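Single-structure report; data block below.
Coordinate-derived values only; no laboratory data. Just so it is clear, the model here is predicted, and its values are computed rather than measured. Neighbour counts run over all protein chains shown; Cβ positions are idealised from the backbone, glycine included.
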Amino acid sequence: MGERLRVQRGGSGDAVVLLLHGLGATGDVWQGVHEQLADGPCRWITPDLPGHGESARLDRYSFGHLTAALAPLLDDEEHVVILGHSL
């Protein structure tokens with residue numbers, strides 16, 4: 001399984017928003033949201049999903065495999081909101 005994800009991060013605050021793009025896109029689709037959240041009230045994490053953009057591919061694709069690839073991004077987080085589209 002590919003381990004490398006391209007991840008963008010920014011913002012400030014205790015809570016974090018995980019922004020997930022749709023199939024065939026990259027995390028760059030969230031650029032306007034990044035700009036809106038730049039000064040808070042939360043941090044944001046935007047990966048290129050596995051096999052998209054600059055992220056490595058997975059050996060197998062399922063919702064479980066995608067979740068397992070993204071879970072380490074949230075290991076130390078207590079307050080998380082996940083926002084996505086299409087997928």
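Looking at the range 1-61, which trypsin sites (Lys or Arg not before Pro) are DSSP coil and have at most 15 other C-beta atoms within 10 Å of their C-beta?
Here the sparse-neighbourhood loop sites are R4, R57, R60.
Given DSSP loops and a limit of at most 10 other Cβ atoms within 10 Å, what is the longest stretch of the chain that contains no such GluC sites (Glu not before Pro)?
Here the longest run is 4-77.
Calculate the FRET efficiency for A68 and D39 from the Cβ-Cβ distance with a Förster distance of 25 Å, rounded to the nearest 0.05.
That gives a FRET efficiency of 0.15.
For mean projected area of the Cα convex hull in nm², pick the label among [x] 5.2; [y] 9.3; [z] 8.0 that corresponds to the value derived from the coordinates.
[x]
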